[in-house]
Amino acid sequence: MRCHKKLPVGIDNFEKIRKNNFYYVDKTGLIRDLLERWAEVNLITRPRRFGKTLNMSMLKCFFEIGSDKMLFDDLEITEEQELCEAYMGKYPVIFLSLKGVIGETFPVARSMMCAEIKREAMRFQNLLESNHLTQFDKKMMIQLLNDEMDDAVLMNSLRMLSTLLQKHYEQNVILLIDEYDVPLDKAYEFGFYNKMVELIRNLFGQVLKGNDSLYFAVLTGCLRISKESIFTGLNNFKILSITDVRFDEYFGFTNQEVKRMLSYYQLDDHYMTLKEWYNGYHFGEADVYCPWDVTSYCDALCENPLLEPQAYWMNTSSNSIVKKFIQKAGKATQREIESLIEGKTIPKRIRQDLTYNELDTSIENLWSVLFTTGYLTQRKKINRDQYELEIPNLEIREIFVNQIQEWFQETALKDKGRVSKFCNSFKEGKEKEIEIEFNSYLMKTISIRDTFVKKTRKENFYHGLLLGLLSHEEEWIITSNAETGEGYSDILIEIEEENIGIIIEVKYAENGKFDNACKAAIEQIHQLHYVEKLKAEQIEKIFVYGIACYKKHCKVVKQQL
């Protein structure tokens, strides 16, 4: 399919999108609302991949002196003529992104911070020729252009730059700091959190407190870090988190915006699939989709309209917070996870002002982190800080399922003797031993028993658990979803040294009807001739297994050919 406008997959530069004929979902109403609901310092927190950087780039293009006003032609903000005349292209803008400050040691991270500030200062080298600045002012500017800055210069750098810009342009400065919490996240991960907190507290404190050169500032990030940790003494501070109504529709795509995009690309038939996979986030009072997912999937569909949805958001992060959550979960929390996967809600008290030092000190704090980072969303507010939480969509559900499978495999494989005995039962045709042991494993993991997904996806969960256990046998040739006969067998195993072949078909036993599911599994193996591949390779002993699973139970049926 040939589409008129390109889709901006991975592009978060507003100017590039507007100048290069990319499809743009109009979020310029944010400009009006920021000015009408004015605060000197605004902190906006949203999960990753929800358009924070693109919106910050848009703000820069709107306010900055010398910007191209044509970038906003036909966009919503141009309907506000008086506002545009008063504000468009009228302010010096400092735009600092901290997403690249990810060093593994404090000296490296500090150097990267200096480099980011220097890079931004280099945009204003014309200040060295300014008639409005003194020689002393210009010496300050030169310090900002050095490769390395001493602590005093670094911590005062943004305030110094704002003062110099205000003097030169005779206009107060707008400050935009994107992904402010990334350096803190990495510092916590690599063990120098307190040093980074001190650096950022001083850097932000100098530029945001009592700065007469500042008109207003906008900061974005994933987490709202405790005010006492970073933003000490800021009384001019407005926090706009995922529970706030203000600006709720500007980060993420609304249902109407998704429908409009699908219609433009003639993909209307995919609406329900996108809704199930990528919708479900509830910010303030707005229901929104993840923009990264919608844009990526629509772009892929333009090339292949038959493509199945992918977990695009999942593939942009390690999702380590979910893994850590599952590892810490006791029996009660495991039951709550099962309810979430089932499509139910869980009432939880949410703290949105944690410090990084507190994030994983308790399972209750991890609930809050999962909520603020987009792995869970709110169905409704119960009271001041309690919410009904749920998994927003199929993609996030898949993240939980994948992490459960990884956790199960890591836990189970610690007992190598037990796993080896379980695997050997398959080559020895001991179906009862397989059934007893797999039931025992299932009792210790987090089960899925939901109506949230199709039957095939429930089968995939058990398939994944079983495959993880069988992978213990490194000398076995194990193939998942192998093309055999007239279809694809779930698991095909060849044990060359013993000339043994094994075929396993896993079925989800609806309503606990294990006999019916086992029978269907065996019949499928024969009807689709899965054994033909093994016979063609002259395998002498072939076992076929039908394994039916439901909740935390299974039944195993065997045939030997």
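The values are calculated or read from the model by the stated rules, or taken from the named source; none is laboratory data. Computed from a predicted structure; not experimentally measured. Glycine gets a Cβ as well: all are built from the backbone with ideal geometry, and neighbour counts include every protein chain shown. Heavy atoms of the whole protein, side chains included, go into the accessibility calculation; ligands, DNA and RNA do not. Shrake-Rupley method; radii C 1.70, N 1.55, O 1.52, S 1.80 Å.
Here are a few things to note about the model shown:
- Total charge dipole magnitude, segment 409-526, about the Cα centre, Cβ charges on Lys, Arg, Asp, Glu only, Debye to nearest 20: 780 debye
- Shape of segment 78-146 from the C-alpha gyration tensor: oblate (a/c of 1.5 or more and a/b not above b/c, with a ≥ b ≥ c the square roots of its eigenvalues).
- Dimensions (Å) - segment 148-288, Cα atoms, principal axes, largest first: 59, 42, 30
- Restricting attention to the chain, close to 50% of DSSP beta bridges with both partner residues there are antiparallel.
- For the chain, with +1 on Lys and Arg beta carbons and -1 on Asp and Glu, the positive-most of GLY546, VAL294, ILE174 along the dipole: ILE174
- Across segment 452-561, the relative contact order, built from alpha-carbon pairs under 8 Å that are at least six residues apart, equals 24 percent.
- Cα centroid of segment 404-422 to Cα centroid of segment 480-555, whole Å: 22 Å
- Ratio Rg/Rh, restricted to segment 1-137 and using Cα atoms, in which Rh is the Kirkwood radius: 1.01
- Entry comment: accessible area of segment 204-354 is 40 Å² per residue, from protein heavy atoms only and a probe of 1.4 Å.
- Percentage relative contact order, segment 231-370, counting C-alpha pairs under 8 Å, at least six apart: 17 percent
- What a 1.4 Å probe finds exposed on the chain is 45% carbon and sulfur by accessible area, rounded to a whole percent.
- Computed across segment 489-561, the Kirkwood radius stands at 12.5 Å (inverse of mean 1/r, all Cα pairs).
- Between the helical axis of 106-122 and the longest alpha-carbon principal axis of the chain there is an angle of about 50 degrees.
- Dipole magnitude for segment 488-544: computed about the Cα centre from +1 point charges on Lys and Arg Cβ and -1 point charges on Asp and Glu Cβ, it is near 300 debye.
- Overall shape: oblate for segment 275-431, with the ratio a/c of the largest to smallest alpha carbon gyration tensor axis at 1.5 or above and b/c at least equal to a/b.
- Between ALA115 and ASP353, the modelled label-to-label distance comes to 3.6 nm, taking each label 7 Å out from Cα in the direction of the beta carbon.
- Cβ crowding within 10 Å averaged over residues, with 118-129, 362-373 ranked highest first: 362-373, 118-129
- Cross-linked pairs LYS5/LYS27; LYS432/LYS507; LYS344/LYS513; LYS323/LYS380; LYS513/LYS558; LYS16/LYS186: Cα-Cα separations exceed 21 Å for LYS344/LYS513; LYS323/LYS380; LYS16/LYS186.
- For the chain, the longest principal axis of the C-alpha atoms and the axis of helix 455-470 are separated by about 80°.
- Estimated from the Cβ-Cβ distance and a Förster radius of 51 angstrom, the FRET efficiency linking ARG335 and ASN20 is about 0.50.
- Every helix of 4 or more DSSP H residues in the chain counts as -39500 (n - 2.57), and over all residues that averages to -13500 deg cm²/dmol at 222 nm.
- Overall form of segment 247-321: oblate. Here a/c, set by the Cα gyration tensor axes a ≥ b ≥ c, is 1.5 or more, and a/b is not larger than b/c.
- Relative to the current alpha-carbon distance between ILE142 and GLU104, full extension at 0.36 nm per residue lengthens the span by 10.8 nm.
- For segment 456-561, share of DSSP beta bridges that run antiparallel, in % to the nearest 5: 70 percent
- For segment 360-496, diffusion coefficient by Stokes-Einstein and Kirkwood Rh (Cα), 10 °C, 1.306 mPa s, µm²/s: 91 µm²/s
- Percentage relative contact order, the chain, counting C-alpha pairs under 8 Å, at least six apart: 11 percent
- For the chain, alpha-carbon Rg over 2.2 N^0.38 Å: 1.16
- At a probe radius of 1.4 angstrom, the accessible area of segment 401-501 per residue rounds to 48 square angstrom.
- Shown here are the Rg and Dmax of the Cα trace of segment 1-77, at 13.4, 47 Å.
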